[in-house]
Structure formats: C-alpha cells, structure tokens
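K.L.:
One structure coming up, written as structure tokens, with questions to follow.
The values are calculated or read from the model by the stated rules, or taken from the named source; none is laboratory data. The shown structure was predicted, so the numbers you read here are calculated from the model rather than taken from an experiment. In this analysis, Cβ positions are derived from the backbone assuming ideal geometry, glycine residues included, and neighbour counts consider all displayed protein chains. We work out accessible area using only protein heavy atoms, side chains counted, and drop any ligands, DNA or RNA first. Shrake-Rupley method; radii C 1.70, N 1.55, O 1.52, S 1.80 Å.
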Amino acid sequence: MLHVTARLKLLKTAEGGRTSFVRSGYRPSFRFGNLYTDGALTFLDRQQAYPGDECEVRLTLVNPDYVMESLVVGAHFDIMEGPRHVGEGTILSIPTALQKQEGGARKEPQDLTRSR
C-alpha cells in the first residue's frame with residue numbers, strides 16, 4: 001500500500017456525480033489516464049464530503065504498482081464508481097522515494113496538426 005495526499009473535487013449530482021455524501025474509508029477506483037487502481041480516501045480537513053465539495057485527502061492506494069509511472073506531484077486522476085466518473089483530483093505530495101522531475105497521468109493534449 002502507498003499513501004499520497006491529494007486535493008479532490010466530487011462532481012455535483014447534476015454533473016453526473018453521487019447523490020449522497022462520502023466519509024473517510026470511501027473506496028472508489030482511481031483512473032490515471034487509462035490505468036486503474038483501487039484504494040481508500042481519508043479526509044484530512046473534514047469528516048465527510050458532499051457532491052460538489054473540494055477537500056484534501058490521504059489516498060491509500062492498494063495496488064500502486066499499476067499506476068506507479070503516473071504518481072508524480074501535480075498528476076491528475078479521476079474518481080470512479082464502476083464506469084461512472086464521480087470526481088477528480090490532483091496529487092499534492094508523494095513519498096520522497098517516489099518523486100520524479102516530470103511526468104504525470106493526464107497531460108494536456110498536444111496540437112499535432114502544426115507542422116514542425
């Protein structure tokens with residue numbers, strides 16, 4: 001298991017998010033690009049979070065090996081419940097042993113139509 005801190009935003013119900021709150025111990029899947037892993041959230045600044053809330057969490061990744069290349073500060077990830085996208089987040093800190101200079105899960109698309 002691996003613990004990282006992240007800032008996350010739960011989608012509002014009208015945006016396709018959950019209809020109820022979540023508490024520490026919530027166990028969604030996390031999508032880094034095309035790679036998925038599971039884990040648990042522990043809220044650092046509150047007891048529970050409602051659809052539309054933003055908060056800081058400790059992410060406990062159960063199988064971090066699947067997404068290890070994506071685990072960099074600033075990497076974006078999606079919070080999934082099965083096929084449903086219910087939130088998103090950004091990694092704020094990772095253990096020092098894993099830190100890299102650059103990289104990330106979801107980078108902005110490059111404009112490939114321009115000539116080089």
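K.L.:
Which residues, counting only those in the stretch 61-77, are outside any strand (DSSP E or B), farther than 13 Å from residue 2 by Cβ and in contact with a Phe, Trp or Tyr (Cβ under 8 Å, 6 or more places away or on another chain)?
P.N.:
75
K.L.:
Kindly provide the set of residues from the stretch 44-87 that are over 13 Å from the mean Cα position of the chain (by Cα) and closer than 12 Å to residue 9 by Cα, ordered by number.
P.N.:
49, 50, 51, 52, 53
K.L.:
If you go through the stretch 48-60, how many residues are under 15 Å from residue 6 (Cα atoms) and crowded, with 20+ Cβ neighbours inside 10 Å?
P.N.:
Qualifying residue count, the stretch 48-60: 3.
K.L.:
Quick one: in the stretch 19-46, which of the residues that are part of a loop (DSSP other than H, G, I, E, B) and touching a residue at least 40 places away in the same chain (Cβ under 8 Å) is least open to solvent (accessible area, probe 1.4 Å)?
P.N.:
Residue satisfying both the conditions and the ranking: 28.
K.L.:
Here's something else I'd like to know. Tell me whether the stretch 63-72 contains one or more residues that are open to solvent by less than 80 Å² (accessible area, probe 1.4 Å), at pLDDT below 95, touching an Asp or Glu at 6+ places or on another chain (Cβ under 9 Å) and not aliphatic (A, V, I, L, M).
P.N.:
yes
K.L.:
Of all residues in the stretch 7-18, count the ones that are open to solvent by less than 80 Å² (accessible area, probe 1.4 Å) and not small (Gly, Ala, Ser).
P.N.:
Total meeting the criteria: 6.
K.L.:
Another question, if that's okay. Would a scan of the stretch 88-99 turn up a residue that is at pLDDT below 60 and over 12 Å from residue 8 (Cα atoms)? Lay out the reasoning, then the answer.
P.N.:
Kept after step one, since they are at pLDDT below 60, are these residues of the stretch 88-99: 99.
Next, from what is left, pick out any that are over 12 Å from residue 8 (Cα atoms): 99.
Yes, the stretch 88-99 has at least one match.
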